[in-house]
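Participant: There's a structure below that I have some questions on.
Computed from the coordinates by the stated procedures, all read-outs in this text should not be read as laboratory data. No experiment lies behind these values; they were computed from the predicted model shown. Cβ: placed from backbone, ideal geometry, glycine included. Neighbour counts: every protein chain shown.
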Amino acid sequence: MPINIDKEIEGSFQIIGGNFVNAGEASTQLKLLLTKLGVDEDIIRRTAIATFEAEMNVIIYAAAGRMHYHITPRGISIKVDDMGPGIEDIELAMQEGYSTAPDWVREMGWGAGMGLPNMKKNSDIFKIDSVVGEGTTIEMVINFPQQ
């Protein structure tokens with residue numbers, strides 16, 4: 001199915017920290033939009049995984065955050081920023097299985113330490129910037145296959 005993107009599309013979602021009831025809502029809405037636009041299933045899957053992981057990190061660790069997306073005929077860029085504790089050691093946090101999630105989050109089935117690695121794995125470009133005591137910004141780009 002051809003991609004039906006003839007203009008740029010932008011939008012954003014507010015994410016409230018601790019709101020597990022609506023966990024996954026932003027990534028689901030973005031997935032539905034990409035499906036409606038006729039984007040390749042593999043790109044939709046990669047985007048859904050990366051954005052879900054980012055959304056969950058905001059819900060688990062931050063007071064609040066925002067997910068902004070920008071879709072062009074070439075791909076999708078996603079920027080997630082939060083007002084959270086920040087990440088002290090990004091290199092350590094990028095290791096599969098490393099987690100600082102509290103026990104009560106792990107008991108709910110989250111916090112396995114795969115969030116940041118999954119975001120990077122499913123992005124063509126991945127950047128993370130974090131300031132301890134202020135928050136974290138993640139930028140991801142997923143390119144569309146070009147005809």
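Participant: Long-range amide H contacts for Met114: which residues qualify at under 5 Å (H placed 1.01 Å from N, peptide plane, sequence gap of 5 or more or a different chain)?
Facilitator: Close amide H contacts, sequence-distant or interchain: Gly97.
Participant: Show me, for the range 107-124, the HN-Hα J-couplings you get by feeding each phi into the Karplus relation (A = 6.51, B = -1.76, C = 1.60, θ = phi - 60°), rounded to Hz, glycine and proline as x.
Facilitator: 5, 7, x, 10, x, 7, x, 10, x, 5, x, 5, 4, 5, 4, 9, 10, 7
Participant: If you fit an axis through the alpha-carbon atoms of helix 25-36 and take the longest principal axis of the Cα set of the chain, what angle between them do you get, 0 to 90°, nearest 10?
Facilitator: Taking Cα atoms only, the helix is inclined about 10 degrees.
Participant: May I ask you to list the lysines whose Cα is less than 26 Å away from that of Lys120, ignoring any residue fewer than eight positions away on the same chain?
Facilitator: Here the lysines satisfying the reach criterion relative to Lys120 are Lys31, Lys36, Lys79.
Participant: Moving on to the next point. Please identify the longest segment of the chain free of exposed trypsin sites (Lys or Arg not before Pro), where exposed means a DSSP state other than H, G, I, E or B and no more than 13 other Cβ atoms within 10 Å.
Facilitator: On the way: sites that count: Lys7, Arg74.
The segment 75-147 is the longest one with no such site.
Participant: Going by how many other Cβ atoms sit within 10 Å of their own, how do Leu92, Leu34 line up, fewest first? Spell out each step's value before the answer.
Facilitator: Values: Leu92 10, Leu34 25.
Final ranking by Cβ density, sparse to dense: Leu92, Leu34.
Participant: Follow-up question, since we're still on this one. Could you check how many percent of all C-alpha pairs in the chain are farther apart than 26 Å?
Facilitator: 22
Participant: Going by amide H atoms built from the backbone, whose H comes under 5 Å of the H on Ile87, apart from near neighbours?
Facilitator: Val131, Val132
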